[in-house]
1. Just how far, in whole angstrom, is segment 102-149 from segment 22-72 if you go by their alpha carbon centroids?
2. Sort largest first and round to whole Å: the equivalent ellipsoid semi-axes of the chain, each the square root of five times a Cα gyration tensor eigenvalue.
3. Count neighbours as other Cβ atoms within 10 Å of each site's Cβ, and list the trypsin sites (Lys or Arg not before Pro) in segment 103-135 that are DSSP loop with at most 14 such neighbours.
4. Would you mind checking the tilt of helix 58-71 against the longest principal axis of the Cα atoms of the chain, expressed as 0 to 90 degrees and rounded to 10?
5. Below 22 Å, Cα to Cα, which lysines can Lys117 reach? Residues fewer than 8 away in the same chain don't count.
6. Name the GluC sites (Glu not before Pro) in segment 31-79 that are in a loop by DSSP and that have at most 12 other C-beta atoms within 10 Å, would you?
7. Using a simple spin-label model with points 7 Å from Cα along the Cα→Cβ vector, what separation in nm is obtained for Ala68 and Ser105?
8. Using just the C-alpha positions of segment 75-149 as equal point scatterers, what log10 of I(q)/I(0) does the Debye formula give at each q in 0.20 1/Å?
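Bear in mind that the values in this text are calculations on the coordinates, not laboratory data. All values derive from a computational prediction rather than experimental measurement. Here the Cβ positions follow ideal geometry from the backbone for every residue, glycine too, while neighbour counts run over all protein chains shown.
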Amino acid sequence: MSRIGGKNFDVNLGDLLVHVENCTLDVTDNTAVAQSRGVPNGHVDGDVSASGEMEFDTSNFNLLIEAARSAGSFRELEPFDVVFFAKAGDEELRVEAFACKLRVSSLLSVDQKGGEKSKHKVPFDVTSPDFIRINGVPYLAAAEIEGLS
């Protein structure tokens, strides 16, 4: 039986299909245990955030450079919706992160010995109240984002 692995993922930044060398997407959910007189008594919803990092080879980083050129600069790039999709056999995983603001962190890492492709790291933050969907299921409840736009 085939299982999903890193090689199965396609990544779309808006309309741009890219291949990543490595990628992370982390959710921080500060939901906490409520206490009454120091004893657990339910929970309280906390704030949420999500961020990650993509690592591109130079060929795929050049696709991002062209998008930045069209926007006028890297900082003028509008946030992208990012879709991570993988399918292997009967397994499928689709993770959507909305309005991801990209920045460049590790522009160059040169090793004179060679033996490895040049890589470029691009961290991102999720900036939309639509936040994250996992296989179409929203992370946040509709009531949490009601009235936000």
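1. Cα centroid to Cα centroid, the span is 7 Å.
2. Values: eigenvalues 210, 76, 58 Å².
Values for the chain, descending: 32, 19, 17 Å.
3. Details: sites: Arg103, Lys113, Lys117, Lys119, Lys121, Arg133; in loops: Arg103, Lys113, Lys117.
Of the trypsin sites (Lys or Arg not before Pro), the ones in loops of segment 103-135 whose Cβ has at most 14 other Cβ atoms within 10 Å are Arg103, Lys113, Lys117.
4. 70 degrees
5. The reachable lysines, counting only those whose Cα sits under 22 Å from Lys117, are Lys7.
6. Details: sites: Glu53, Glu55, Glu66, Glu76; in loops: Glu76.
Within segment 31-79, the qualifying GluC sites (Glu not before Pro) (loop, at most 12 other Cβ atoms within 10 Å) are Glu76.
7. That separation, rounded to one decimal, is 1.6 nm.
8. -0.94
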